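Just below is one structure, and these are the notes that go with it.
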Amino acid sequence: MNIRKKIVATIIGLSMVMTMAPVAMAEEVTVEELEAKIKELMATIAELKAQIAALTAAAPAGAPAGAPAGIPAACTGITFTVNLSVGSTGNDVKCLQALLNQSADTQVAASGPGSPGNETTYFGPLTKAAVVKFQTKNAISPAAGFVGPLTRAKLNELLTTAPTEKAEETKEEAKEEEEAKEEEKVITPGEEGILDAKDEALPTGVKLYAGETEKAVMAFKVEAKDSSIKIARIDLKFNTKPYRCLTYASLYDGTNPIKGISLSKETVTARSTSDYRVRFTDLGLTVDKDSSKIITVKVSAVPVYPTGCGSITASIPALGIRGVDGAGLQQYAPAGSLTGKAFTTGSTVSGVLKTSVAADTPKSGAVVISSTAAQSEVELARFGVKAENLDITVKDFHLDIDEDGNDNITATKLLAVGLYDGETLLGSVTPDANGYASITDLQVAVSKDATKTLSVKGTFSSDAANSSYVAKIRSGSGNGVRGEDANENIVSDETSRVGNEIHIYTAAPIIVLESASVAVSNSTGTAGNETGEFTIKFKVTAKGSDIYIAKTTAASASPVVDKVTVYMKRGEDNVAPTTQTMTSAATAGSWGFKVAQDTTETFTVKVTLNNAGGTAGYFRARIVGISWNKEDSSTDAVTWSDTWAVGTLITDSVYLTND
C-alpha cells in the first residue's frame, strides 16, 4: 500500500478511536487502555512519516537494487544501439544487467556474477531470464529474452531518467495526462475523418543477406484527413511464408520503433499460398489531422537461408490499416492492396581476406647479428592482411623460409620464426627441415576495409652468419593466411607472397648513399654538352669488426671480385665510362681502405664519360659492386652487387650529345 494511504488510514483509525471512546467506555474500556491505543497509533504515524522522508531523499552511493538511485555507473556513456542476445559481450551488456538489477522483480541474480554490484559483460541464460521478466513487466511482445528495437527503446528511456519512486509516480502521472490529452484530441465528437495509405518509393531493390538484422525493405505513407486518427492495427502481407526466411518484422515511425513481432507459424496467418499476414496491434500511433506519417518496415533474416528464399514481397493488403477517427468511427485503408516492395535474399555475406607484401617490408640487404650471443632476432618481412566486406579474425599464418636460395634450412642456424603485430608477439614456432612454419590459434582482428601489417622475425644463432634468408607466405591448399569472418565463414588467401632476401653476418659494412650529382660540359665547342662527370658519395659503417673496402676500381657491367666496380647506363644499355676513380680519407692499406669497428668513413667515386662520337642519349653512372673483407687482404673477400646491397648507389640521368 502507498505510504501516504497508510497515514490516512492511521489518522482515520485514530479519529474512530476518539469518536468511539464513549462507546468503548460504556463497554468497560479503561482510560489507560485507550491512551495506550492512541500512543500506538501516534507511533505508527511517526514511523510512516520517517519512511516518507527516507524515500524522498537521494539514495546513498552503492544503494542496493530497488533503492531510489540514479543511472548506474556501469551505464556511463552507454546507449543501446545494437540487438543483444545470449552470447553477446560488451559494456552494453554490463549496463543492461545494472538496469535490470535496479528492480527486484527483474534482477539478474541475487548473488555472484550478475548480481547487484557484480554485473558482467556476458549475456548468459540468467540475463536472458531477467530480460524476459523486464519485457513482461513493460508489455513488450514477444517476451523472448531478445533485446531488439522495442526493448532497446525502453532501456534507452531508462537511461534518461532516475528510477526513484517519486520519479516513477511523476512519470505515471505524466503518462496518464498525456493519454488523456491524446484521447481528448483524437476522440472529438463530430470529427469524422478519412484514412488513406500509399506506397513510398524508397527503399527499393533491397538485398537482404542471411544473418542481417533490422534492414528496411519497404515503406508506406499513412494520411489522416479532416480528423486525427488513432491507428489501431496494421496488417503486413508477404507473398511467401515469411518465417522460413525471416525471424523478425518491425514497424518504424522514422527512427522510432513502433512494434516488432517475432515471425513463426503462430504469429503469421496464412490466407492463401501467396498471402501470409502479420498483424501489428497496440501501436500507440496517432496521425494528426491533415498530416501523414511514413512507416518503414524492417526485417531480420535467418542465419542460413533454406531453399526457396529467392525473392520476397512485403505489402499492405486492402483495408490492412484500421484506425479510429474523432467521431469514434472505424476508418480503413488502403482501398486496394498496395504494391509494396520486393526484396531479394542473398547468401550469407562472406568476408574476403587478401594478403600482400607490405610497402615497408625490409629491403634486400645485410643485417649484422652478435657473434657471441646465443641467439639474435632479425626482421625478415612484413605482410599486409586486408579484410573486405566484413570484419575478419586471422586464425592461421603459414610461412615458408628459404635459406641461401634453397627450400631446406639448417636447424642450427634458424632456431625459430615469430609473427608480430607491432611489438606484440602473436606466436612463435620452430620451422621444420623444409622451412615450413605454421603459426596457428591466432586471434588477430582486422576491421572491414582495413589492412593490418604483421611482421615475420627469425631467431638466429651465430652459425647463420654469411647465409641469406627469404620469408614467404606458403601457398597451396590449406596454407596461406586463414581466418574467419564476422559471419563465421572460413576465409583465406593461399597466394604466395615473397619477401626480400636478407643476408646475415656477424661482421659487415653498412653502406648508405650520401649524395649523387652530375656535371656536364662542352669540350668540343659544338652545340650541346657531350661530357659528363658523375659523382657518387657513400658512407660505410663497420659493424662487428674492422672492415676493409677494396681501394681499386674497375669498369664493368658485372661486379669484379676484389674491386669497387662502376659502369654507365644509357637508357637500359650498358656503356663503358671514360675514367673512374675512388678516394677516401680512410686509412689505406695494401688492399683496402680501413673502417674501424663502429666508425663511419666517406667514399667518393667519380666517373667521367666523353660521349663525342658515341650515341646521344640519357646517361647515368652506377656502382655495380663493392668488395670488402674483415682483413686487409683479398683472401675470403666478399663482393656485394647492385642487385641488393648497393643498388641505391646511382646518379640521376643526364642528356649528352655526341659531338
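Screening 236, 202, 208 for residues that are aliphatic (A, V, I, L, M) and open to solvent by 60 Å² or more (accessible area, probe 1.4 Å) leaves exactly one candidate, 202. Among the criteria (1) open to solvent by less than 60 Å² (accessible area, probe 1.4 Å); (2) over 30 Å from residue 646 (Cβ atoms), the one residue 290 does not fulfil is (1).
Against the list (1) more than 49 Å from the chain's Cα centre (by Cα); (2) farther than 26 Å from residue 468 by Cβ; (3) buried (at least 16 other Cβ atoms within 10 Å of the Cβ), the condition residue 618 fails is (3). Here the stretch 581-611 is the region considered, the condition is being among the aliphatic types (A, V, I, L, M) and open to solvent by 50 Å² or more (accessible area, probe 1.4 Å), and the residue that is nearest to residue 528 (Cα to Cα) is 585. Output yes when any residue across the stretch 338-347 is open to solvent by 30 Å² or more (accessible area, probe 1.4 Å) and part of a loop (DSSP other than H, G, I, E, B), and no when none is. Within the stretch 338-347 (the criterion being open to solvent by 30 Å² or more (accessible area, probe 1.4 Å) and part of a loop (DSSP other than H, G, I, E, B)), the answer is yes, since at least one residue qualifies.
Every residue, every condition in (1) at pLDDT 95 or above; (2) more than 37 Å from the chain's Cα centre (by Cα), yes or no:
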site: 235; (1), (2): yes, yes
site: 238; (1), (2): yes, no
site: 250; (1), (2): yes, no
site: 254; (1), (2): no, no
site: 277; (1), (2): yes, yes
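Tell me whether the stretch 392-402 contains one or more residues that are modelled with pLDDT of 95 or more, surrounded by fewer than 17 Cβ atoms within 10 Å (Cβ to Cβ), of a type in the set (D, E, K, R) and not in a loop (DSSP other than H, G, I, E, B). Scanning the stretch 392-402 turns up no residue that is modelled with pLDDT of 95 or more, surrounded by fewer than 17 Cβ atoms within 10 Å (Cβ to Cβ), of a type in the set (D, E, K, R) and not in a loop (DSSP other than H, G, I, E, B). Sub-6 Å Cβ pairs linking a first residue in the stretch 244-273 that is closer than 30 Å to residue 288 by Cβ to a second residue that is of a type in the set (A, V, I, L, M, F, W, C) and part of a helix (DSSP H, G or I), at least 6 apart or interchain, are 257/150; 257/153; 260/150, ordered by first then second residue. Restricting attention to the stretch 412-442, the residues that are of a type outside the set (Phe, Trp, Tyr), in contact with an Asp or Glu (Cβ under 7 Å, 6 or more places away or on another chain) and open to solvent by 10 Å² or more (accessible area, probe 1.4 Å) add up to 5. Checked against the criteria, residue 224 does not count as modelled with pLDDT of 95 or more, touching a Ser or Thr at 6+ places or on another chain (Cβ under 6 Å), open to solvent by less than 50 Å² (accessible area, probe 1.4 Å) and among the aliphatic types (A, V, I, L, M).
One line per residue, one yes/no per condition, for (1) touching a residue at least 12 places away in the same chain (Cβ under 8 Å); (2) surrounded by 14 or more Cβ atoms within 10 Å (Cβ to Cβ); (3) among the hydrophobic types (A, V, I, L, M, F, W, C):
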position: 96; (1), (2), (3): yes, yes, yes
position: 102; (1), (2), (3): yes, yes, no
position: 110; (1), (2), (3): no, no, yes
position: 115; (1), (2), (3): yes, yes, no
position: 123; (1), (2), (3): yes, yes, yes
position: 126; (1), (2), (3): yes, yes, yes
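When the residues of the stretch 443-458 are filtered to those that are polar (S, T, N, Q) and either buried (at least 18 other Cβ atoms within 10 Å of the Cβ) or within 13 Å of residue 351 (Cβ to Cβ) (or both), the one that is modelled with the lowest pLDDT is 447.
Taking each residue of the stretch 415-438 that is of a type in the set (D, E, K, R) and looking for partners that are in a strand (DSSP E or B) and modelled with pLDDT of 95 or more with beta-carbon atoms closer than 8 Å, six or more apart or interchain, yields 421/444; 421/452; 421/454; 421/455.
Assessment of the stretch 275-286 against the conditions (more than 19 Å from residue 149 (Cα to Cα), in contact (Cβ under 8 Å) with a residue 60 or more places away in the chain and out of contact with any Asp or Glu (no Cβ under 6 Å at 6 or more places or on another chain)) yields at least one matching residue.
The rows are residues; the columns are (1) open to solvent by less than 20 Å² (accessible area, probe 1.4 Å); (2) in contact with a helix residue (DSSP H, G or I) (Cβ under 6 Å, 6 or more places away or on another chain); (3) closer than 30 Å to residue 438 by Cα.
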site	(1), (2), (3)
501	no, no, yes
508	yes, no, no
520	no, no, no
529	no, no, no
550	yes, no, no
556	no, no, no
568	yes, no, no
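The values are calculated or read from the model by the stated rules, or taken from the named source; none is laboratory data. What you see is a predicted model; the values in this text were computed from it and never measured. A quick note on method: Cβ atoms are made from the backbone with ideal geometry, for glycine too, and the neighbour counts reach across all protein chains shown. Calculation scope for accessible area: heavy atoms of the full protein, side chains included, ligands and nucleic acids excluded. Shrake-Rupley method; radii C 1.70, N 1.55, O 1.52, S 1.80 Å.
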